[in-house]
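Accompanying notes for the structure given below.
Nothing in this text is a laboratory measurement; each read-out follows from the coordinates by a stated rule. This structure is a prediction, so every number in the text was calculated from the model and none was measured. Cβ coordinates were reconstructed from backbone atoms using ideal geometry, including for glycine residues, and neighbour counts include every protein chain displayed.
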Amino acid sequence: LALVLVAEVKRVVKDFGKDSDGARHTRYERTYDGLPVLGGDLIVHTPPASLAAGTVSATYNNKNKIAVSSTTATYTKAAAESKALKTAKALDAAKPAADSARKVIWAGSGTPKLAWETVIGGFQDDGTPSRLHVITDATTGNQHLLFHAPIVPLAHPLFRAITAFPQRSFKILNQYVS
């Protein structure tokens, strides 16, 4: 399996798993010019040593070539955060607050684009802590995707603080918006 990458694209191992039969699965996260590529994961599947050589396979989340005209945003981070907060309020969020915003390459659908990923912390209607991710085009301000990521606390007491933040609530949503 050969990976052909342009100079700006890098792959970093994100995680690794091994099945009981010895098959290995290595997940790579793609970056472009230092920016994370959302929707650009690659998983390499390697069969157990007992199987014939040359049977390595790969799963791409998006096979589009990653190339953007610029990594300079014309739509500001502050504007993207403000728009994401408005979106959260439209979903009946009580006191939403932006936990973070970062510049990314959005490759989840269509032609890859420079974007902002804004994360709004809160809780689902059943009280499960979660984060609303809002992907906003860094050139036009159009929103590309909203997704709700529940936070599953780890069993170890050290990790229980991960989900401790002020209570905010919004509806469950996983939706492409453009």
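Below are the figures for this structure:
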read-out: Gain upon complete extension [Ala49, Thr111; 0.36 nm per residue less C-alpha separation]; value: 18.5 nm
read-out: Links that overshoot a 21 Å alpha carbon limit, given the list Lys65/Lys103; Lys14/Lys86; Lys83/Lys113; value: Lys14/Lys86
read-out: Most to least packed among 26-33, 134-141 [average Cβ atoms within 10 Å]; value: 134-141, 26-33
